[in-house]
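Computed from the coordinates by the stated procedures, all read-outs in this text should not be read as laboratory data. As the structure is a prediction and not an experimental result, all values here were calculated from the model. Note: ideal-geometry Cβ built from the backbone for every residue, glycine included; neighbour counts use all protein chains shown.
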Amino acid sequence: MEIIESLKLKEKEYIEKLENGMTVIIIPKPELDKKYVIWGTHFGSIDNRFIMPNSGEEVFIPDGVAHFLEHKMFEQPNGTNSLDTMMALGLDANAYTTNDHTAYLFECTDHFYEGLDELMDYVQHPYFTDENVEKEKGIIAQEIKMYDDEPGWRLYMNAMDCMYKENPIKIDIAGSVDSISKIIPDVLYKCYNTFYNPSNMIMVVCGNFKPEEILEEIKRRIIPHQKQGEIKRIYPDKEKGINKPYMEMEMEVSLPLFVIGFKDLENNSNKEELVKKHIAIEILLNMIIGKSSEEYKELYEKGILLSEPDMDYEFSDEYAHIVISGQSNNPEKVKEKIEEAINKFKEKGLEDEHFNRIRKKVYGDYVVEYNSVGDIARMFLSDKMKGINSFDYIEKYNDVTKEYAETILKNVFKKENMVMSVVKSKKM
Amino acid sequence: MNYNKKEIKQGINIHNIKTNKFKTNLYAVFLAVPLNRENVTKNALLPAVLRRGTSNINSQDLISKKLEEMYGASFDCGVEKTGDNQIIKFYLETINEAFLPEKEELDKKCLELLFDIILNPLVENNGFKPEYVESEKKKLKQIIEGKIDNKRTYSFERCIEEMFKNEPYGLYKYGYVEDLEKITPQNLYEHYKEFIKKCKIDIFVSGNLDDNIELNEQKQQSNDTETEKSLNQMQANSICKIIESNKHIQELAPRKPEYIVNKEKSEIIPKREENTVEEKMQVGQGNLVIGLSSNSQMENEKYVMSVYNAILGGGANSKLFQNVREKNSLAYTAGSTFRRQKNTIFIRCGIEIGNYQKALDTIKEQIEDMKNGNFTEEDMENAKKLIVSSIKGISSEQDTEITYYYGQELSDSFSTLDEYIEKINNVNKQNVEELAKEIWVNTVYFLRD
């Protein structure tokens, strides 16, 4: 096993690539009572077109299949549901689907190995029938409708629509009531057989474990699989500019919601560089519109912003963008102030005191991520899916200088790549 | 036990939770008063105004800068409703010194800042700073009106409001828009002074707070538990000392706090006709919330009710999840929540609007099933496991552990986590059946288009 140690965090990470190609990451936390395991496949809502490695067949699937598959994995041939079985053990079990991966997980204090039995059993045994697929459509339709009523979700999807013309990031993770109606067991099996091969999967465990022991326990539960070649995923070509700079819709909200986005068109294939860039972007966002910024102060005092906006840099190999979101009675003004701050920093450069203070804050934000087994395991999984080791955010922290941040500011925060999505209040 | 409590003055306590599980130290200050219509809005406004500036650090951006300097220590405050009390909560979380890139002493600075915000406000002409009060009034108005933005929480709040009409618990924790106009910088400051004089004050510290390294070394060298105990005591005292020697804490007078003690045994709510409330809004999905009351007066009622709730709607194994979602595909979310302080269970489902009657019937069947004892020993075991596992998880989250001990503090009995688990494990099927017979549907609330 490869061992990576973070001296600053006083944590260790054990990594093993199994013979079948699956990656196992273990982060021992002997002082904690909770244990957490998460098993992810590199298959998310954006993977809608691919070539099956064994047959060479090209498959184009309806929107929402990854998420549908996640729902259906729990169903067992004997009529039981694995989610129920795990809950009956007192485990907190769940699953989720993102743009780029699907994950199955549970957290517990007791009965870990019984839970692991069930988790590794159901993920390795799909059971899809016409009847059980049909039944799920009603449940997922309600889930889609729940999201449709959420202004924040609509707002975000519109922002994606502004930034991208054809990128599958625009696809709603759950699909639409129409697209899921086309799902049949055959599609689910094709996706399962392609993406749930161990070589496309990563497992992360965090808690009071001895690395060698838990690794053996995991290996013991893996069903031998035919090795498969690389999955060829087909995505639209990288787009040059944005789709449209602005979009708005009306919903029943008390105050307009906004997303301001910057599409990042740079090449992000160097992962070490990407971590540095991510840190720099977080520092810059805090400097531009964070709690202590002049711009935030002014907007807050005028009642234009009620709280600090949420700020995020989201990326995979297929997309990269910054999302700044919040609520305001005047989103235009917020956008204007953000542009002003960016121009000011571009012209005058970043102040030492300001940069160093925010840098300290961002360091603290990374350390706080290591407080719970769940946060740690989910972070390592989602970073690893993107080819990143989570410790790098602490290790590369010192390499992010003011000058480096200024370069990122120039390259990423470009006016021509800026978009805004707004959900306005419907007059009641 | 890793928990210690010390009364420093009448009505003012320090609670110390010693733990090495986290990278952070967490400080929390809770101020409790009885919830009432007259003061609910003013109280909700207080933390918002206090966080804007102190007489030492007179603006929010300066406070933010201070926090950023402390490796992004995070400050938060807000208002909660716990039983019939309104609680103003202040939190400050900071990185434990062991994980800083360079050595720095953060604990004392943090506590000073926290007490400064709560107890040393910026005052002009016998009032809070007018600009701050005005802008926070606007924001609070926005929060109150923003209730409708999230349809699920809105429906939940509305059901509580209908169920506890004309009672303190039916009040909205953020107050009411019509009260805001009457609030001035002066009358709010007068209110604040009275509030601080009378409220129950609880200060929590959680973390690996051995600020004295020597004590730690001594502890490692010592082999007998007695020495270790006394060293532990000294360490506990030292963080207490920082607090007790704080100027603003010293200025506080002892008080006989008026707050509503959460009793183990609840009062009986007179049974009434089922109250059905329907409200229309532009929604695609219907939100159904059902409030259940209990008329049982059994000894360990709260623990039995907790098990009852877990069987009815606690998780994926529960009757509601199985029947409303899995068997009938009526909903994506279907479950129930137990509000311990009010002895009330709330069932919550997001459903297709046209399926209202079918969903309601299915839910009522489950309640009937419980009454008829149609659940197994296995259901009992599963439910207990679910609850026990969540209790065992409490000490894995700093704020949850603090909230647990604060709940004990507000209650007329004290259970450690282990005692709590024991009480849950002692609940038997007969208890749950007995309780189920006393459970009745109090209010049905439905939000639709």
task: Excluding residues on the same chain fewer than 8 positions from residue B:280, give the lysines whose Cα lies under 24 Å from its Cα.
output: A:145, A:424, A:426, A:427, B:141, B:147, B:151, B:165, B:173, B:358, B:364
field: Table column - 3J(HN,Hα) (Hz), segment B:47-62, Karplus curve with 6.51, -1.76, 1.60, x for Gly and Pro
entry: x, 5, 6, 4, 6, 6, x, 10, 6, 8, 10, 8, 8, 5, 5, 5
message: Under a Cβ-only charge scheme (Lys and Arg +1, Asp and Glu -1), can you give me the dipole magnitude of chain A about the Cα centre, in debye to the nearest 20?
response: 1060 debye
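From the P(r) of chain B, can you give the percent of Cα pairs sitting at distances over 43 Å?
Working: 21111 of 100576 pairs.
Here the long-distance tail beyond 43 Å is 21 percent of all Cα pairs in chain B.
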- request: Please determine, in degrees from 0 to 90 and to the nearest 10, the orientation of helix B:377-392 with respect to the longest principal axis defined by the Cα atoms of chain B, where the helix direction is its Cα long axis.
  value: 20 degrees
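Work out, step by step, the length gained on full extension between residue A:238 and residue A:193: first 0.36 nm times the residue separation, then minus their alpha carbon distance; give nm to one decimal. Could you put the intermediate results ahead of the total?
Working: separation 45, 0.36 × 45 = 16.20 nm, distance 2.80 nm.
So the chain would gain 13.4 nm between residue A:238 and residue A:193.
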task: Calculate, axis by axis, the spread of Cα positions in segment A:2-233 along the three principal axes, and write the results as whole Å, longest axis first.
output: 48, 42, 38
task: Between residue A:344 and residue A:1, with labels modelled 7 Å along Cα→Cβ, what's the label distance in nm to one decimal, could you check?
output: 5.0 nm
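Taking the Cβ-Cβ separation of residue B:177 and residue B:131 as r and a Förster radius of 22 Å, what is the calculated FRET efficiency to the nearest 0.05?
0.60
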- request: Note down the relative contact order for chain A as a percent, whole number, built from C-alpha pairs under 8 angstrom at least six residues apart.
  value: 22 percent
- prompt: What FRET efficiency comes out for the pair residue A:18/residue A:135, r = Cβ-Cβ distance, R0 = 41 Å, nearest 0.05?
  reply: 0.70
message: I'd like to know how segment A:226-328 sits against the 2.2 N^0.38 Å rule of thumb: what's its Cα Rg over that expected value?
response: 1.40
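Which semi-axis lengths, in whole Å and largest first, follow from the square roots of five times the eigenvalues of the Cα gyration tensor of chain A? Kindly include the intermediate steps, with their values, before the conclusion.
On the way: eigenvalues 276, 152, 83 Å².
After diagonalising the Cα gyration tensor, the semi-axes are 37, 28, 20 Å.
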query: Using the Cα atoms of segment A:1-138 to build a convex hull, what is its mean projected area in square nanometres?
result: 10.9 nm²
statement: Surrounding charge for residue B:168, neighbours by C-beta under 14 angstrom, Lys/Arg +1, Asp/Glu -1, total -1
- line: Once amide hydrogens are built 1.01 Å from N within the peptide plane, the residues lying 5 or more places from residue A:254 or on another chain with amide H under 5 Å from its amide H are B:149
- line: For chain B, the charge dipole (Cβ of Lys, Arg +1; Cβ of Asp, Glu -1; about the Cα centre) points to a positive end, and the Cα of B:304, B:155, B:14 closest to that extreme belongs to B:155
message: Taking the Cα centroid of segment B:4-72 and of segment B:127-187, what is the distance between the two, rounded to the nearest whole Å?
response: 20 Å
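Count of lysine pairs in segment A:174-287 with Cα atoms under 15 Å apart, counting only pairs 8 or more residues apart in sequence or on different chains?
On the way: A:182/A:190; A:190/A:232; A:210/A:219; A:238/A:263; A:240/A:263; A:244/A:263; A:263/A:277.
Number of lysine pairs found: 7.
Residues of B:386-397, mean number of Cβ from any other protein chain within 10 Å of their own Cβ, rounded to a whole number? Could you put the intermediate results ahead of the total?
Values: counts 6, 1, 3, 11, 3, 1, 6, 8, 1, 4, 11, 4.
Neighbouring Cβ atoms belonging to other protein chains average 5 per residue here.
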- request: Please report, in whole Å, how far the alpha carbons of the protein assembly as shown spread along each principal axis, starting with the longest.
  value: 80, 75, 71
message: Sort A:203-212, B:337-346 by packing, meaning the average of other beta carbons within 10 Å per residue, with the highest value first.
response: A:203-212, B:337-346
statement: Note: probe point = Cα of residue B:55 + 7 Å toward Cβ; backbone nitrogen < 14 Å; residues of segment B:250-268 passing the test are B:250-252
query: Considering every residue in A:362-375, what mean count of other chain Cβ atoms within 10 Å of its Cβ is obtained?
result: 5
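Where nothing but the Cβ of Lys and Arg (+1) and of Asp and Glu (-1) is charged, how large is the charge dipole of chain B around its Cα centre, in debye to the nearest 20? Working shown, then result.
Details: 62 positive and 72 negative charges, 175 e Å.
So the magnitude is around 840 debye.
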query: If you count, for every residue in A:404-410, the Cβ atoms of partner chains within 10 Å of its Cβ, what is the mean?
result: 0
message: Step by step: find N for segment B:372-449, compute 2.2 N^0.38 Å, then divide the Cα radius of gyration by it. What's the final number?
response: 1.41
query: If one takes the longest principal axis of the Cα atoms in chain A, at what angle in degrees, from 0 to 90 and to the nearest 10, does the Cα axis of helix A:352-368 lie?
result: 20 degrees
query: Dividing the convex hull volume of the alpha carbon atoms of segment B:3-251 by its residue count, what do you get in Å³ per residue?
result: 153 Å³
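Can you check what the net charge comes to around residue A:332, using other residues whose Cβ is under 12 Å from the Cβ of residue A:332 (Lys, Arg +1; Asp, Glu -1)? Each step should come with its number before you reach the end.
Details: positive: A:333, A:335, A:337, A:424; negative: A:248, A:336, A:339.
Its environment carries a net charge of +1.
Please give the contour-minus-distance gain from residue B:187 to residue B:166: 0.36 nm per residue of separation, less the Cα-Cα distance, rounded to one decimal in nm.
Values: separation 21, 0.36 × 21 = 7.56 nm, distance 2.56 nm.
Gain in length upon complete extension: 5.0 nm.
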field: Ranking of B:159, B:110 by count of other Cβ atoms within 10 Å, fewest first
entry: B:110, B:159
message: Are there any GluC sites (Glu not before Pro) in segment B:65-152 that are in a DSSP loop and have at most 12 other Cβ atoms within 10 Å? List them by number.
response: B:102, B:105
task: Could you work out the Kirkwood radius for segment A:63-138, taking every pair of different alpha carbons, averaging 1/r and inverting it, reported in Å?
output: 13.0 Å
- prompt: Sorted from fewest to most neighbouring beta carbons within 10 Å, what does the list B:247, B:384 look like?
  reply: B:247, B:384
task: Give the residue from A:158, B:394, A:236 lying farthest towards the positive end of the charge dipole for the protein assembly as shown; charges sit on Cβ (+1 for Lys and Arg, -1 for Asp and Glu) and the dipole is referred to the Cα centre.
output: A:158
query: How high is the FRET efficiency from residue B:76 to residue A:227, r the C-beta distance, R0 45 Å, rounded to 0.05?
result: 0.35
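Please figure out what share of the DSSP beta bridges in segment A:246-425 is antiparallel and state it in percent, rounded to the nearest 5. Numbers along the way, then the final one.
Values: 20 of 26 bridges.
Here the share of antiparallel DSSP bridges comes out near 75 percent.
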Charge dipole of the protein assembly as shown about the Cα centre (unit charges at C-beta), most positive-ward option of A:387, A:55, A:77: A:387
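If each residue of separation counts as 0.36 nm, what is the full-extension length gain between residue B:357 and residue B:376 once their alpha-carbon separation is subtracted?
Numbers: separation 19, 0.36 × 19 = 6.84 nm, distance 2.76 nm.
So the extension gain works out to 4.1 nm.
Taking the number of other C-beta atoms within 10 Å as the exposure measure, put B:37, B:255, A:357 in order starting with the fewest. It would help to have the intermediate numbers written out before the result.
Working: B:37 13, B:255 16, A:357 23.
Result, fewest neighbours first: B:37, B:255, A:357.
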field: Coil-residue trypsin sites (Lys or Arg not before Pro) of segment A:359-428, DSSP, other Cβ within 10 Å capped at 11
entry: A:426, A:427
message: Given contacts defined as C-alpha pairs under 8 Å and at least six residues apart, what's the relative contact order of segment B:275-448, whole-number percent?
response: 42 percent
query: Which value, in debye to the nearest 20, describes the size of the charge dipole of the protein assembly as shown about its Cα centre when Lys and Arg Cβ atoms bear +1, Asp and Glu Cβ atoms bear -1, and nothing else is charged?
result: 1840 debye
task: Report, in degrees rounded to the nearest 10, the 0 to 90 angle that the Cα long axis of helix B:398-409 makes with the longest principal axis of chain B.
output: 80 degrees
Relative contact order of segment B:3-251, defined on C-alpha pairs under 8 angstrom at six or more residues apart (%): 32 percent
field: Two-site label geometry, residue B:36 and residue A:314: point separation in nm, points 7 Å out along Cα→Cβ
entry: 4.9 nm
